[in-house]
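Before any comments, here is the structure.
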Amino acid sequence: MVTTRGRLDAADPTERVGSWDFNEADEVVLYVHGLNADAESARDQAYTARLGLAAAGATAEADGPPVVGYSWASNVDWGPAKQNADANAAPLADWVAAWADDDGRPLHLFAHSLGARVTGAALRRLADRGRTDALASVSLFGGAIPNDSVGTDGRYGSAIAAVDAPVYNFHSRNDRVLGWVYRLSDGTRAVGHGGLAGSANAPAGYEDVDVTDLVADHYSYIEPEEGCLPRAVDRIGIE
């Protein structure tokens, strides 16, 4: 795990937690969780992503790409959680850039729910710093951000176009949390529910992937046997 909980004001806001013994791995997945996750839930979700990848055939339990969880303080109310998501942009961008410099193995970023806001903000930071080469791919699962924010003229559009990696948006119309709760809370449609807004243009490198036939609810995207990771693995090309 990488955590910024209680550390955002520190000189080095990210801290490594747990075992980092995966020297034989050829590539790594970084998982950014969404709303209402405490430290234990963040760890559990990262492990679920690991199991989901194994079930999808992307990895064996003993080898293949490990999953690093990015743990941030999302277990607060909606408004403060969005502020915390934005505040994690620089720490996440710093960590991703440091990984590229110090390790160099391909890093695939997975973001669930409000983790898409953390990720979009971090992509903007990376673009501003000219570090568009730091990621191998970006995947949003049930992204809790406006459906026009990923468009060419949207908040994250230019950063998505700048990154030297494909950006996939896995969305499901069965996701009632986004279809109802998010829409009522923010007054906008979520990109994780129906994909990019019809009035927006897709940036270079961006692709909507409809997984309505696979994902039954907001919490199933990365679940083993019932989520959409097999389709994601096929798109991304994780081995």
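Scanning the stretch 16-43 for residues that are in a loop (DSSP other than H, G, I, E, B), surrounded by 18 or more Cβ atoms within 10 Å (Cβ to Cβ) and not hydrophobic (A, V, I, L, M, F, W, C) yields 27, 33, 34. Within the stretch 44-60, the residues that satisfy the criterion of being in a loop (DSSP other than H, G, I, E, B) and surrounded by fewer than 17 Cβ atoms within 10 Å (Cβ to Cβ) are 57, 60.
For the residues 79, 130, the requirement of being closer than 30 Å to residue 185 by Cβ and at pLDDT 95 or above singles out 79.
For residue 220, are the conditions met, namely being open to solvent by less than 60 Å² (accessible area, probe 1.4 Å) and either under 25 Å from residue 82 (Cα atoms) or in a loop (DSSP other than H, G, I, E, B) (or both)? Taking the combined requirement at face value, the residue satisfies it.
If you go through the stretch 114-133 and keep only what is open to solvent by less than 10 Å² (accessible area, probe 1.4 Å) and among the small types (Gly, Ala, Ser), you end up with 115, 116, 120, 122. With the structure loaded, tell me whether residue 7 is modelled with pLDDT of 95 or more and either at positive phi or over 17 Å from the mean Cα position of the chain (by Cα) (or both) or whether it fails that test. Taking the combined requirement at face value, the residue satisfies it. Could you check the stretch 163-198 and list, in sequence order, the residues that are open to solvent by less than 20 Å² (accessible area, probe 1.4 Å), assigned to a strand (DSSP E or B) and touching a residue at least 60 places away in the same chain (Cβ under 8 Å)? Of everything in the stretch 163-198, just one residue is open to solvent by less than 20 Å² (accessible area, probe 1.4 Å), assigned to a strand (DSSP E or B) and touching a residue at least 60 places away in the same chain (Cβ under 8 Å), namely 170. Reported count of residues in the stretch 105-136, each being on the phi > 0 side of the Ramachandran plot and either in contact (Cβ under 8 Å) with a residue 60 or more places away in the chain or touching a strand residue (DSSP E or B) at 6+ places or on another chain (Cβ under 8 Å) (or both), is 1.
The values are calculated or read from the model by the stated rules, or taken from the named source; none is laboratory data. This one's a predicted model, so the numbers in the text were calculated from it and none came from an experiment. Reconstructed Cβ throughout: ideal geometry from the backbone, glycine too, with neighbour counts over all protein chains shown. Calculation scope for accessible area: heavy atoms of the full protein, side chains included, ligands and nucleic acids excluded. Shrake-Rupley method; radii C 1.70, N 1.55, O 1.52, S 1.80 Å.
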